[in-house]
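K.L.:
My questions will all concern the structure given below.
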Amino acid sequence: MYPEIDIKKTGECISKLMKQKGITVKDVQQRLMLGSVQSVYHWLNGLSLPSVDNLYALSDMLNVSMDDLICGNRQNKKVQKTDILYLNSLLDAEIDFDKNNFNKKYRDIDRLQSYCNKIISIEVA
């Protein structure tokens, strides 16, 4: 089965994010330079989806990724920040235990910890 977008849930998601950010339909219309507010209402009511260009601009306006705006049946493969923090704490313990032994294991752990720290900074940003 291939992933499908749920237009209704996507509209609900966009609406929820707009309310959280205090952004009105008129704000979206003006920012995206739409001819009227009708398109935005169609998105919010699940009658249509924004074009890729409008989705990109909308994600910027709402300060979320395009993936966060679209709802569908795809399995969520996003790594949770708590999982990364837990893994990072385990790596810290392993490095403390083995910090005087600069072998391949230490270098691999150090690389993995650097990778985790980069992901944490991206997720938090």
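The values are calculated or read from the model by the stated rules, or taken from the named source; none is laboratory data. None of the values given here were measured: they were computed from a predicted structure. So basically every Cβ, Gly included, is an ideal-geometry build from the backbone, and we count neighbours across all protein chains shown.
K.L.:
If you take the residues of region 48-83 that are in a helix (DSSP H, G or I) and modelled with pLDDT under 90, which of them is nearest to Glu12 (Cα to Cα)?
P.N.:
Leu69
K.L.:
A follow-up question, please. How many residues, within region 1-47, are without any contact (Cβ under 8 Å) to a residue 60 or more places away in the chain and in a helix (DSSP H, G or I)?
P.N.:
Of the residues in region 1-47, 27 are without any contact (Cβ under 8 Å) to a residue 60 or more places away in the chain and in a helix (DSSP H, G or I).
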